[in-house]
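The values are calculated or read from the model by the stated rules, or taken from the named source; none is laboratory data. Quick caveat, the model's predicted, so the values are computed rather than measured. Here Cβ is always computed from backbone atoms with ideal geometry, including for glycine, and neighbour counts include all displayed protein chains.
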């Protein structure tokens, strides 16, 4: 599946993305707003691990964000399990030189209809660190609403932060609803 947005192309990750992934993901400012599973520094071994997972057969949706024929970021929909099995989590990042261009806002807009084609998904959520207002704006532009603030829920780089939980529900009036 390939999705064209006004500012980028979304496509499945490829093993050929390895050099571009390392180049663009190796940024402490990106890692500072991601879970600890997103390492800093970002090495070739890290890229190999991620690409092996992202290109394997799994129910999750992981796509490269491509600008100028380079994978400069990523976006994904991760299906939750157990009692949360009707929910999914969205996550994304883009290389620092591409910040502020609307690339991730466009990517989120493009991927949401694909995620909601899964009839089991009734909500998509995103946890955003309290020190990342740019990510909050991305979600708000795409119809997400702040559902909760989990006080002192995150420990990142020795700092304790709040987590802002944003949510978007399936439109019950839509054909997919």
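Below are the figures for this structure:
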| read-out | value |
| --- | --- |
| Selection status of residue 156, surrounded by fewer than 18 Cβ atoms within 10 Å (Cβ to Cβ), over 29 Å from residue 57 (Cα atoms), over 12 Å from the mean Cα position of the chain (by Cα) and free of Cβ contacts under 8 Å to residues at least 24 places away in the same chain | no |
| The stretch 61-96: number of residues that are farther than 17 Å from residue 135 by Cβ and surrounded by fewer than 16 Cβ atoms within 10 Å (Cβ to Cβ) | 9 |
| Residue count for the stretch 1-43, restricted to those that are more than 23 Å from residue 133 (Cβ to Cβ), part of a loop (DSSP other than H, G, I, E, B) and in contact (Cβ under 8 Å) with a residue 60 or more places away in the chain | 2 |
| Failed item, numbered, when residue 58 is tested on (1) over 15 Å from the mean Cα position of the chain (by Cα); (2) surrounded by fewer than 20 Cβ atoms within 10 Å (Cβ to Cβ); (3) assigned to a helix (DSSP H, G or I) | (3) |
| Pairs, first without any contact (Cβ under 8 Å) to a residue 40 or more places away in the chain and at positive phi in the stretch 122-149, second surrounded by 13 or more Cβ atoms within 10 Å (Cβ to Cβ) and part of a strand (DSSP E or B), C-beta under 6 Å, six or more apart | 143/168 |
| Some residue of the stretch 109-126 being touching a helix residue (DSSP H, G or I) at 6+ places or on another chain (Cβ under 8 Å), assigned to a loop (DSSP other than H, G, I, E, B) and more than 25 Å from residue 21 (Cβ to Cβ) | yes |
| Test: residue 104 is assigned to a helix (DSSP H, G or I), at pLDDT 95 or above and buried (at least 20 other Cβ atoms within 10 Å of the Cβ) | yes |
| Residues satisfying the stated conditions in the stretch 17-47, i.e. closer than 30 Å to residue 117 by Cα, out of contact with any strand residue (DSSP E or B) (no Cβ under 8 Å at 6 or more places or on another chain) and at pLDDT 95 or above | 18, 47 |
| Residue 95 vs. criteria in contact with a strand residue (DSSP E or B) (Cβ under 8 Å, 6 or more places away or on another chain), within 22 Å of residue 157 (Cα to Cα) and modelled with pLDDT of 95 or more | yes |
